[in-house]
1. For the stretch 16-55, report the % of Cα-Cα distances exceeding 17 Å.
2. Dividing the alpha-carbon Rg of the stretch 95-146 by 2.2 N^0.38 Å yields what?
3. Which translational diffusion coefficient, to the nearest whole µm²/s, is obtained for the stretch 1-100 from the Stokes-Einstein equation, given a Kirkwood hydrodynamic radius over C-alpha pairs, 10 °C and 1.306 mPa s?
4. Between residue 116 and residues 5 or more places away or on another chain, which pairs have amide H atoms under 5 Å apart, with H built 1.01 Å from N, and which residues are they?
5. To the nearest whole percent, what portion of all C-alpha pairs in the chain is separated by more than 29 angstrom?
6. Lys/Arg Cβ at +1, Asp/Glu Cβ at -1, dipole of the chain taken about the Cα centre: which of 44, 141, 6 is farthest positive-ward?
7. For the stretch 105-114, take each phi angle, set θ = phi - 60°, evaluate the Karplus expression 6.51 cos²θ - 1.76 cosθ + 1.60, and give the result in whole Hz per residue in order, putting x for glycine and proline.
8. May I ask for the net charge around residue 100, where only other residues with Cβ less than 12 Å from the Cβ of residue 100 are counted and Lys, Arg are +1 while Asp, Glu are -1?
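Since every read-out is calculated from the coordinates, none of them should be taken as a lab result. From a predicted model like this one, the values you see are computed outputs, not experimental measurements. Glycine also receives a Cβ, built like all others from the backbone with ideal geometry; neighbour counts cover every protein chain displayed.
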Amino acid sequence: MTDASVTYDSDPRDPVPTMGGQVTSGEPVMTGGAYDQNAPDARVHGAREPYLPLDSRPDVISLTTPPLERDVVLAGPVSAILHISTSAPDTDFTIKLIDVHPPNADYPHGFAMNLTDGIVRCRFHRSWETPELLTGEPEATARRTAVATNTVHMDAGRPSHLRVWLEGGADGLG
């Protein structure tokens with residue numbers, strides 16, 4: 001069995017900026033909706049020069065399918081099954097489903113439109129009502145910020161994947 005995984009460092013002092021989507025804190029900090037994930041600028045909270053596409057960051061995993069052979073209709077919920085490990089007592093994972101359009105006259109770098117997203121804090125991995133840290137001390141007593149070394153496993157024994165509902169049934173696209 002091949003061990004397929006991706007490991008990265010997640011630093012809570014340098015979070016990935018949120019551009020549109022469902023996660024908002026109200027304007028002007030974060031605005032919901034569809035945004036080009038290729039084009040952060042000074043108006044995006046947490047974005048820094050040189051304003052590269054979000055998937056160019058070392059703490060972003062980008063998995064891309066080949067162009068779809070036909071148009072599809074998303075017709076239901078989108079969910080992710082993640083098999084992860086981390087060095088931290090708590091960490092967050094964010095998933096975005098993005099529709100990538102090729103470069104054209106209006107968008108010379110293409111357009112990567114967020115369709116939906118979600119975030120989970122690992123302390124809620126068993127229950128929303130009863131938080132449980134993975135290891136370590138409770139948040140209220142912590143005295144230091146930890147960079148989490150996170151791994152997403154994608155092998156046959158731990159098949160992290162995205163599940164989407166397409167018109168006519170469910171398909172896993174990754």
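1. Summing the P(r) tail past 17 Å for the stretch 16-55 gives 19 percent.
2. Relative to the 2.2 N^0.38 Å estimate, the stretch 95-146 comes out at 1.93.
3. The calculation lands on 99 µm²/s.
4. 97
5. So the pairs more than 29 Å apart make up 26 percent of the total in the chain.
6. 141
7. Calculated HN-Hα couplings, in order: 4, 7, 10, x, 9, x, 9, 10, 8, 6 Hz.
8. Charge balance near residue 100 sits at -2.
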